[in-house]
Amino acid sequence: KRVFANLDSNAIVSIPFSNDRIIVNPFNLITALKTSDLDYFFVASTPPRIFLPGKNYTYQVQMETNQKDIKYELTSGPKGMEISKSGKLTWKVPTGFSDATADVIVSVTSGEIHQTFDSFTIYNASGKK
């Protein structure tokens with residue numbers, strides 16, 4: 001766990017065991033995968049982590065894959081949350097929603113071989129409990 005890929009900045013970050021420096025190397029993982037013969041299937045997006053009661057919460061799940069026929073399913077989430085065929089998660093947060101958090105699990109599949117999950121917690125930014 002001392003090597004990290006940062007998709008947003010196209011870099012590989014590593015920390016040597018000496019703990020005396022951080023090494024940053026340019027590397028575009030997506031380009032490397034698309035030009036390879038490797039089979040790949042993963043979520044490359046990060047959801048917004050806060051919501052406000054009375055407002056709309058949206059998140060577009062971004063998949064990086066060389067597979068076809070991607071299917072999205074909302075496995076778990078607050079009442080009223082939905083996901084479209086293209087992977088757009090939407091939730092009209094009820095005005096009176098007072099829970100401090102909401103857990104979300106999105107299942108993404110391609111055929112019967114590939115499956116991954118995008119699971120995360122979103123936090124109520126209203127400050128009310």
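Using the Kirkwood radius built from alpha carbon pairs, what does the Stokes-Einstein equation give as D for the stretch 49-116 at 25 °C and 0.890 mPa s, in µm² per second? Calculated translational D: 188 µm²/s.
Rounded to the nearest 10 square angstrom, Asp69 shows an accessible area of 120 square angstrom against a 1.4 Å probe.
Computed over protein heavy atoms with a 1.4 Å probe, the carbon and sulfur contribution to the accessible area of the stretch 32-106 reaches 49%.
The heavy atoms of Arg2 present about 70 square angstrom of accessible area, all protein chains included, probe 1.4 Å. On the beta carbon distance between Phe117 and Ser18, with R0 = 35 Å, the FRET formula returns roughly 0.45. Short to long, the 5 Å bins of the Cα pair-distance histogram for the chain hold 2, 9, 17, 16, 14, 14, 12, 9, 5, 2, 0 percent of all pairs. Phe42 contributes about 50 Å² of solvent-accessible surface, heavy atoms of the protein only, 1.4 Å probe.
How many lysine pairs does the chain hold where the Cα atoms are under 18 Å apart and the two sit 8 or more places apart or on different chains? Going through the chain pair by pair, I get 13. Accessible area per residue for the chain is 68 Å², calculated with a 1.4 Å probe on protein heavy atoms, without ligands, DNA or RNA.
Residue ranking by accessible heavy-atom surface, 1.4 Å probe, largest first, among Tyr59, Tyr72, Tyr123 comes out as Tyr123, Tyr72, Tyr59.
The values are calculated or read from the model by the stated rules, or taken from the named source; none is laboratory data. The shown structure was predicted, so the numbers you read here are calculated from the model rather than taken from an experiment. Backbone-built Cβ (ideal geometry, glycine too); neighbour counts: all protein chains shown. Ligands, DNA and RNA are stripped out before the accessible areas are found, and what is left, the full protein with its side chains, is counted by its heavy atoms. Shrake-Rupley method; radii C 1.70, N 1.55, O 1.52, S 1.80 Å.
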